[in-house]
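Below: the structure, in C-alpha cells.
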Amino acid sequence: EGAPLPMLYNKYVGHDDNRDWYAFTQIETQIAVDKIHNVWHPQIVHDIHQQGENGSRLFLPPYMQPVEPNVPKQIVEDYTELGHAMAADMRAAGFKGITTDSTYDAWTPARAYSHYHGGVRILSETASCKIATPITVKFEELNSRDPGYDPKKESPNFGPVWQGGEWHLRDITNYMTGAAFSLLKHAAQDRERWLQRFYEIGKEAVRPRKRGELAGFVFNWDSQPATAGENGKRLVETLQRAGVEVKQELLSGFYLRTCVSLKIAQPYGSFGKALLEAQHYPDLRDSSGHPIPPYDVTAHSLGLLSGIKVEPVFAPFRDSASNGSLKLARPSDPYHVKDIRFALYRSHTPSMDEGWTRWILERQFSEPMRYRSLEDANVRAGNLHANYDVIIIPDQARNAILNGHRKGVLPDEYTGGLGAEGVKALGEFVEQGGTLICLNRASDFAIEQFKLPIRNVVDGLPRTDFFVPGSILRIELDTTNPIAAGMPKESIAWVENSPVFEVGQALLPVPSRTGASNVKVIAWYPRDKDPLLSGWLLGGERIKGKAALVEVTLGKGRIILFGFRPQYRGQSLATYPLFFNAITNR
C-alpha cells in the first residue's frame, strides 16, 4: 500500500501532463485551454497539488527567482500579495509548516499558461501521505532538498514549525480547503482591483511599439528541410491555440518578402514572444557557489525546437493583400516503417520519456508506427532477434534500467530490472544483426554494460564544473550518414542530464565475439562556437568538439547512442528525423 506504481499514472506522459501548457500536445491540456481558459479568461487560477511528505506542510506563492521575463509585473505583484495573504490567513487559523518564496519558480510557461493571459497561477502544494493511509513523520526526519527554507527552523518565509507526528488524508484536505477558501475570500474582497490590473495588463499588451522597440517576429521555412513545412504548421497552430494572432505579412524596409509574422502589440503577444525568443537563464548560485537548479527546465524556444529560423523585427509591419489564412500543406511521410519489427523497452520503474516515445510513435504518422512494448521479463527471456529488428531504450538512469525496483517494494514480477540476463540478451540481439537505440541517459547503460570504447566526459562531474538543466544546444551533423539524411549541417539538441561522448577518432576497434567493429560520429558539439542556444549551460568549454550522437557496430548489428533526447516531450521536432532515421535505416 502506498508503493510506487510500476507504470506511468498518466497513460502516456506521467507527471509531464503538467509540463504541457505551451506546446498543447495532450488532450487534457487542449480541453482545459479551449474550453476553460480561452472561454472564461480567469484572473486567478488555483492549481492544487501534493508534494513530498518530509518537507513543508504547504507551499504558497510568491515563487522563488527567477521569473520568466515576459510575465507582466502586475502578475508578479498579484501572486505575491495573494500568496502572502493566504499564508497569513492559514497561520492565523493555526496551520503550521507553511512556506512561501521557495522550491517552485515562475520561469517556464510550461506550467503557467495564465501568467501570459492576464491571470495569476496560485500553486498550492500540500504534503502527502500514502494516498489515503496515514503516516508518521518524526521531527528528525523532516528535511528539504528544495531551496529556500529549512522545515526544522522558522524563518521569514517559513513557519510556524511543524513538530512532526501523524499526517492524515484529513490533514491534506483541511490544508487544501483552507487555502482555497482564503483565496476566494480575498478575490471577492478585492475584485475591483483584480479587474483593474487585468485591464492594465491588456492595455499595455496592445500598446503600439515605437521604432526601435521589438515589434514582432517573422519566420519562413520555404528554404529549410522537407520536414520544416509540417513543423511550421505545428508552430503556427500552437500559437493560434493560445490566442496569439499569426498572419502573413509583407514587411517594409529591410524585410521585403512575405512571411509568417507575429506582432507583439496584441493581447497575448508576450506568450508568443516567450516561445519564439531564446532564453537566457540567470547564473544563480547558493552561498557555497553551487548552481541553484531550476524547478523544471530552462529553455522553451519552440522555434529552435521546431527547426524554424525565427527573426526579430524592429520595424513596423505592413499588411499584404494576401493577409489572412495560412495555407500550409502537410508533407508526405518520409519514413517507411511497415517492414520493420521494432520494440520499445518499458521499465517497471516508469520513465516519462518512454511514455512520450509511445505517444509520438502512435501519433506522428498517418499510419501509426507498429511497435511492441518490451518489459523486463520479455527481454530476459532472450531470442530477441527472432522477433525484432530494432529495440529502443528511452531516457532513464542506468541503475534503474539494470536493477529496477528492489525486492519488497513491489510484487516480485515488477522488481529486478533487466539484470545480467537482460544485458546478455540485448548483447546477443545486437551481435546477431539487431539495432539497439539508446536515448540520453540510457547511453550510459549501454557504454557500461557492453564495454563500448566510448567515454562520457561529463559523467560524475560536480555541477560547479558542468551543468545543463534542460537547455537547447547547437550540434553539427555528418549529413552523409543515413541517420542524418535530410538534416541541415547544423541543428539543435535537447540536453538534460545528458552524456557527452569522447571517441578520440572516427573509427575505433571494438572487441566482439563475432568480429571487428567501429564507432562513427554522427553529431558533435562545434569546436569554435558557443554550444548554448537557449537556456543555461555551465562548463560549455568541456564539450566543444565532443560527440553527441554515435553509432557503434557490434558483431552484425549496431548500437546507436543519443547524447540528448531527440523526441523531447513531443516538442523537439527538429531532431525527429534523427530518431526515425535511426529506426528505419538498417
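The table below gives the values:
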{"read-out": "Hits in the stretch 148-193 - residues which are over 19 Å from F95 (Cβ atoms), touching a Leu at 6+ places or on another chain (Cβ under 9 Å) and not acidic (D, E)", "value": "A187"}
{"read-out": "Per-region count, the stretch 259-282, residues farther than 16 Å from P208 by Cα and in a loop (DSSP other than H, G, I, E, B)", "value": "5"}
{"read-out": "Which listed residue is modelled with pLDDT of 95 or more, among the aliphatic types (A, V, I, L, M) and in contact with a Gly (Cβ under 7 Å, 6 or more places away or on another chain), from V495, V500, V521", "value": "V500"}
{"read-out": "Residue match in the stretch 52-61 (condition: in a strand (DSSP E or B) and in contact with an Asp or Glu (Cβ under 6 Å, 6 or more places away or on another chain))", "value": "yes"}
{"read-out": "Complete set of residues in the stretch 537-570 that are open to solvent by less than 10 Å² (accessible area, probe 1.4 Å) and part of a loop (DSSP other than H, G, I, E, B)", "value": "G563, F564, P566, Q567"}
{"read-out": "Among residues of the stretch 187-208, those that are of a type in the set (A, V, I, L, M), open to solvent by 60 Å² or more (accessible area, probe 1.4 Å) and either in contact with a Cys (Cβ under 8 Å, 6 or more places away or on another chain) or closer than 17 Å to S114 by Cβ (or both), counted", "value": "1"}
{"read-out": "Count of the stretch 351-395 residues which are aliphatic (A, V, I, L, M), buried (at least 18 other Cβ atoms within 10 Å of the Cβ) and part of a loop (DSSP other than H, G, I, E, B)", "value": "1"}
{"read-out": "Of the criteria (1) of a type in the set (V, I, T); (2) at pLDDT below 95; (3) open to solvent by less than 10 Å² (accessible area, probe 1.4 Å), which one V409 fails", "value": "(3)"}
{"read-out": "Complete set of residues in the stretch 412-424 that are open to solvent by less than 20 Å² (accessible area, probe 1.4 Å) and over 19 Å from D444 (Cβ atoms)", "value": "T415"}
{"read-out": "Tally of residues being farther than 19 Å from G148 by Cα, of a type in the set (D, E) and either crowded, with 21+ Cβ neighbours inside 10 Å or over 27 Å from the mean Cα position of the chain (by Cα) (or both) across the stretch 39-84", "value": "2"}
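The values are calculated or read from the model by the stated rules, or taken from the named source; none is laboratory data. Since we're looking at a predicted model, the values are computed, not measured. Ideal geometry is used to build each Cβ from the backbone, glycine not excepted, and the neighbour counts take in all protein chains shown. Remember, those area values only see protein heavy atoms, side chains included, never the ligands or the DNA or RNA. Shrake-Rupley method; radii C 1.70, N 1.55, O 1.52, S 1.80 Å.
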